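Here's the structure we're looking at; comments come further down.
The values are calculated or read from the model by the stated rules, or taken from the named source; none is laboratory data. Everything quoted here is computed from the prediction, not taken from an experiment. A quick note on method: Cβ atoms are made from the backbone with ideal geometry, for glycine too, and the neighbour counts reach across all protein chains shown. Areas reflect the complete protein model, heavy atoms only, side chains present, ligands, DNA and RNA absent. Shrake-Rupley method; radii C 1.70, N 1.55, O 1.52, S 1.80 Å.
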Amino acid sequence: MEKAIEICGLTKRYGKNRGVQNISFAVERGEIFGFLGPNGAGKSTTIRCLLGMLRYEAGEIRILGHCAGKEQKAILRKTGYMPSEVMFYPSMTAGQVVKLAADIRGLSCEAEAERLCGLLGVDRKKRISELSLGNRKKVSIVCAMQHKPALLILDEPTSGLDPLMQEVFWELLTKAGEEGTACFLSSHVLTEVRQYCRRAAIIREGSLVRVDTVENLLQSSLRHIKLAGVEEAPALPEITGIKREKDSISFSYTGNMQKLLHALLVLAPKDVLIEEPSMEEMFKWYY
């Protein structure tokens, strides 16, 4: 079966400024794929290349079997896109915006639009200018999903949504994935990535750092150590970030654990606490 997204050697620059360099990865049908990186890393540039908004200097992009840039009309017909910043015509009602999104694709989506509006609590009679950021975001979800696309490209989709609506959104996305829809998800909410994405790509300064399962991305030798009843840390080169308190010392360690335990036997601390790093710390390390 063809992949939902195939990117090979994508390179896009803005004159002398960095864009993205030699990006390559693939997204399978039916998977929720995380795309992670700090601001300015190249996430938006990649998304705009996928959607045909930007021309790129080198590489190849295939979406749902179609060549990006050359078969963009066919791609957009099968794709749902949700930008991070939602902007609609302020004088239109939510219902008019939803219908316009369907009409542009030449599709009749009334039944699905009605269902999604009901689940998300969208008031179709209210004008966009009257809606809060969260409610505009819900309209954007309906516009992206009402035509039951084979691919969803979502840029920070849950920002602005309250916790209840976030739960409804993830239920919709999970169900879509079970029905074969692929989701390419740019997000800064790492707990969401851990819970819902099987794989993720990490981008930094325009280049891919790693593409792997989220489980593998979170595996690390980094540990936080706290020792009670000692004044000095073990003399090991893998120790960093030493902090001394009244009757204890703490530090980070990335070396062999048996080596550390042997050193601790010599120091004979009163107590030892060993903790794994948080998910946020792990991704900051990649960033």
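The residues listed here are 49, 67; of these, the one that is within 20 Å of residue 20 (Cβ to Cβ), surrounded by 16 or more Cβ atoms within 10 Å (Cβ to Cβ) and not small (Gly, Ala, Ser) is 49. Please verify whether the stretch 20-39 includes one or more residues that are surrounded by fewer than 21 Cβ atoms within 10 Å (Cβ to Cβ), at pLDDT below 90 and more than 25 Å from residue 159 (Cβ to Cβ). No, the stretch 20-39 contains no residue that is surrounded by fewer than 21 Cβ atoms within 10 Å (Cβ to Cβ), at pLDDT below 90 and more than 25 Å from residue 159 (Cβ to Cβ).
Taking the listed residues 45, 11, the one that is at pLDDT 90 or above, under 15 Å from the mean Cα position of the chain (by Cα) and more than 23 Å from residue 141 (Cβ to Cβ) is 45, with no other qualifying. Restricting the stretch 1-10 to residues that are more than 20 Å from residue 155 (Cα to Cα) and not in a loop (DSSP other than H, G, I, E, B), the residue that is most open to solvent (accessible area, probe 1.4 Å) is 8.
Within the stretch 89-108, the only residue that satisfies the criterion of being modelled with pLDDT of 95 or more, open to solvent by 20 Å² or more (accessible area, probe 1.4 Å) and among the β-branched types (Val, Ile, Thr) is 93. Taking the listed residues 131, 152, the one that is buried (at least 17 other Cβ atoms within 10 Å of the Cβ) and under 23 Å from residue 3 (Cα atoms) is 152, with no other qualifying. Tell me which residues, restricted to the stretch 175-194, are open to solvent by 50 Å² or more (accessible area, probe 1.4 Å) and modelled with pLDDT of 90 or more. Scanning the stretch 175-194 gives 175, 178, 179.
Considering only residues in the stretch 70-87 that are more than 17 Å from the chain's Cα centre (by Cα) and polar (S, T, N, Q), the one that is least open to solvent (accessible area, probe 1.4 Å) turns out to be 79. Counting only helices (runs of 4 or more DSSP H) that sit wholly inside the stretch 120-214, those with at least 2 residues that are within 12 Å of the chain's Cα centre (by Cα) and in contact (Cβ under 8 Å) with a residue 24 or more places away in the chain are 190-196. Scanning the stretch 109-121 for residues that are within 11 Å of residue 138 (Cα to Cα) and open to solvent by less than 20 Å² (accessible area, probe 1.4 Å) yields 116, 117, 120.
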